[in-house]
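Undergrad: Dumping the structure here so I can ask a few things about it.
The values are calculated or read from the model by the stated rules, or taken from the named source; none is laboratory data. Keep in mind the model is a prediction, meaning the values are calculated, not measured. So basically every Cβ, Gly included, is an ideal-geometry build from the backbone, and we count neighbours across all protein chains shown. All accessible areas refer to the heavy atoms of the entire protein, side chains included, with ligands and DNA or RNA removed. Shrake-Rupley method; radii C 1.70, N 1.55, O 1.52, S 1.80 Å.
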Amino acid sequence: MFEKNRVVIKKGGPLVISGKIEIIDEATHKVKIVEMVSLCRCGLSGNMPYCDGVHFKYNFEQDYE
Ligand code: FES
């Protein structure tokens, strides 16, 4: 069955991806399956590539580019 996946570009924040998502760490070959993940767009996260919310502190303002 086709499951719709979605990517939401949060204004001033991360990419929020939902659906059935497989995250593969190329270095360790670990695979994690999640239903939602937020990926950092500001470049300031202390937990790259994931958003840790620090974009709020620095008023990241990039919109949809
Ligand atoms: S977008 Fe949230 S920490 Fe970078």
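Undergrad: Determine, yes or no, whether SER18 is modelled with pLDDT of 95 or more and near the ligand (Cβ under 8 Å from one of its atoms).
TA: On the way: modelled with pLDDT of 95 or more: yes; near the ligand (Cβ under 8 Å from one of its atoms): no.
No: the conditions fail for SER18.
Undergrad: Still on this structure, please answer the following. Of all residues in region 53-65, which are open to solvent by less than 80 Å² (accessible area, probe 1.4 Å) and either free of Cβ contacts under 8 Å to residues at least 24 places away in the same chain or on the phi > 0 side of the Ramachandran plot (or both)?
TA: Of everything in region 53-65, those that are open to solvent by less than 80 Å² (accessible area, probe 1.4 Å) and either free of Cβ contacts under 8 Å to residues at least 24 places away in the same chain or on the phi > 0 side of the Ramachandran plot (or both) turn out to be GLY53, VAL54.
Undergrad: Output the qualifying pairs, or none if there are none: Cβ atoms under 7 angstrom, residues six or more apart or on different chains, first residue in region 1-25 and acidic (Asp, Glu), second residue assigned to a strand (DSSP E or B) and open to solvent by less than 100 Å² (accessible area, probe 1.4 Å).
TA: GLU3/GLY19; GLU22/VAL31
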